[in-house]
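Some notes on the structure that comes next.
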Amino acid sequence: MSETPFIITIDTEGDDLWSKPREITTRNAEYLPRFQSLCERFGFKPVYLTNYEMAMSDIFVDFGRDVLARGTGEIGMHLHAWNSPPLLPLTNDDFRFQPYLIEYPDTVMREKIKVMTRLLEDRFDQAIISHRAGRLGFDGRYAAMLLDEGYGVDCSVSPGLDWRDTLGDPGGKGGTDYRAFPDRPYFFSPSDISAPTTGGMLEVPMTIRSSDVYQKAPWVYRIPVLRQTTNRLISPALNHVCPTESNLRGMLRAARAARAAGAMHTAFTLHSSELMAGGSPTFRSVGDIERLYENLEVLFAELSAWCRGMTLKEFHVWFRNRRAERDRAGSDALREEIASA
């Protein structure tokens with residue numbers, strides 16, 4: 001049986017941040033035990049990428065400490081720059097525009113990362129090594145600052161997606177363009193976060209796969225009528241292992257495509273607030289949540305047949321060991337070739 005690492009990442013943040021609330025609540029922390037129980041039943045280990053308001057929630061911290069004590073998950077860092085201290089306004093209404101951290105001056109970026117890291121370390125009594133950028137806005141400066149704080153793994157890359165039209169600061173350049181980024185795990189340096197290197201930080205991209213139609217005829221998706229028909233009858237251009245972006249069929253399609261391509265991992269992505277009715281625009285009702293869990297049962301059941309649950313921290317060790325084994329095998333083969341020459 002194949003044991004492809006399966007990594008569940010949860011952006012752990014306040015309730016319905018899509019509505020841009022000025023007073024952020026964290027009721028969704030009360031709904032996480034159900035999801036955790038589901039994951040544990042299949043042997044999976046969620047990574048709760050935690051932002052400021054959730055780190056300040058005693059309910060979530062108690063939950064997270066229990067998960068850590070039992071070795072059934074991981075706490076990582078997720079930073080929303082507009083409400084993560086120190087609070088230094090970038091626009092005339094940061095709660096409305098939700099600027100990216102990479103739009104702030106370097107000194108402010110560094111201090112926000114440092115404060116958030118220390119808060120998580122204090123609240124969970126352990127080093128934090130895993131990270132996802134708020135709103136997925138990431139660059140080399142950000143990576144260098146994370147490395148300085150001891151981080152080893154990032155999972156901000158959404159391959160195939162371009163976030164430049166999604167603005168933070170209305171006078172800014174928008175988010176990060178990930179269209180040319182690898183869809184496989186790779187080490188990178190801050191000098192070029194899209195280029196694999198031999199060391200540095202490990203990037204674990206989201207699992208997003210393009211449809212066969214998109215690969216063969218991408219122009220179909222540029223014509224509205226054809227795009228709508230193709231989306232409905234065949235497949236969207238991109239399928240995500242993410243219930244917000246893809247239905248069950250799309251999530252299974254993405255996971256199966258990753259497996260067929262020999263991917264070294266499969267990554268699932270969701271927000272903590274999407275596990276609570278009314279916590280997001282996508283899952284508004286109790287019925288929506290029940291259908292979500294029905295889909296997760298099917299998805300996790302299939303993945304459990306060929307995947308092994310890992311946290312990002314565990315995957316970092318696994319991936320580094322696999323690469324070391326490959327390098328040793330290559331060196332041994334080269335020595336044998338030289339000896340036989």
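Summary of computed values
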{"read-out": "Which listed residue is at pLDDT 95 or above, more than 22 Å from MET201 (Cα to Cα) and β-branched (Val, Ile, Thr), from ILE75, ILE102, ILE59", "value": "ILE59"}
{"read-out": "Tabulated pairs, the stretch 128-145, first more than 22 Å from PHE97 (Cβ to Cβ), second surrounded by fewer than 19 Cβ atoms within 10 Å (Cβ to Cβ) and among the small types (Gly, Ala, Ser), C-beta under 7 angstrom, 6+ apart or interchain", "value": "ILE129/GLY150; GLY140/SER191"}
{"read-out": "Residues located in the stretch 83-113, provided they are under 21 Å from ARG123 (Cβ atoms) and hydrophobic (A, V, I, L, M, F, W, C)", "value": "LEU87, LEU101, ILE113"}
{"read-out": "Residue within the stretch 264-272 that is surrounded by 22 or more Cβ atoms within 10 Å (Cβ to Cβ), assigned to a helix (DSSP H, G or I) and not aliphatic (A, V, I, L, M) present", "value": "yes"}
{"read-out": "Answer residue from the stretch 36-84, given it is closer than 25 Å to THR4 by Cα and among the acidic types (Asp, Glu) and is surrounded by the most Cβ atoms within 10 Å (Cβ to Cβ) among those", "value": "GLU74"}
{"read-out": "Strands (runs of 3 or more DSSP E) lying entirely in the stretch 119-224 (those with 1 or more residues that are in contact with a Cys (Cβ under 7 Å, 6 or more places away or on another chain) and surrounded by 15 or more Cβ atoms within 10 Å (Cβ to Cβ))", "value": "130-133"}
{"read-out": "Leading residue by the ranking (modelled with the highest pLDDT) among those in the stretch 225-254 that are touching a Phe, Trp or Tyr at 6+ places or on another chain (Cβ under 9 Å) and either more than 23 Å from LEU296 (Cα to Cα) or in a helix (DSSP H, G or I) (or both)", "value": "MET251"}
{"read-out": "Test: residue in the stretch 57-68 that is assigned to a loop (DSSP other than H, G, I, E, B) and more than 21 Å from VAL115 (Cα to Cα)", "value": "no"}
{"read-out": "Candidates ALA261, ALA255, filtered to the one that is more than 26 Å from ASN51 (Cβ to Cβ), hydrophobic (A, V, I, L, M, F, W, C) and surrounded by fewer than 19 Cβ atoms within 10 Å (Cβ to Cβ)", "value": "ALA261"}
{"read-out": "Hey, THR91 part of a helix (DSSP H, G or I), more than 21 Å from the chain's Cα centre (by Cα) and among the hydroxyl-bearing types (Ser, Thr, Tyr) or not", "value": "no"}
{"read-out": "Options LEU101, LEU87: the member that is crowded, with 22+ Cβ neighbours inside 10 Å and either of a type in the set (A, V, I, L, M, F, W, C) or under 18 Å from ASP11 (Cα atoms) (or both)", "value": "LEU101"}
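Let's see how each residue does on (1) under 25 Å from HIS316 (Cα atoms); (2) in contact (Cβ under 8 Å) with a residue 40 or more places away in the chain:
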{"site": "ILE7", "(1), (2)": "yes, yes"}
{"site": "THR25", "(1), (2)": "no, no"}
{"site": "PHE35", "(1), (2)": "yes, yes"}
{"site": "GLU53", "(1), (2)": "no, yes"}
{"site": "ASP58", "(1), (2)": "no, no"}
{"site": "HIS78", "(1), (2)": "yes, yes"}
{"site": "ASN83", "(1), (2)": "no, yes"}
{"site": "ASN92", "(1), (2)": "no, no"}
{"site": "GLN98", "(1), (2)": "no, yes"}
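The values are calculated or read from the model by the stated rules, or taken from the named source; none is laboratory data. In this text, all values refer to a predicted model and were calculated from it rather than measured experimentally. Here Cβ is always computed from backbone atoms with ideal geometry, including for glycine, and neighbour counts include all displayed protein chains.
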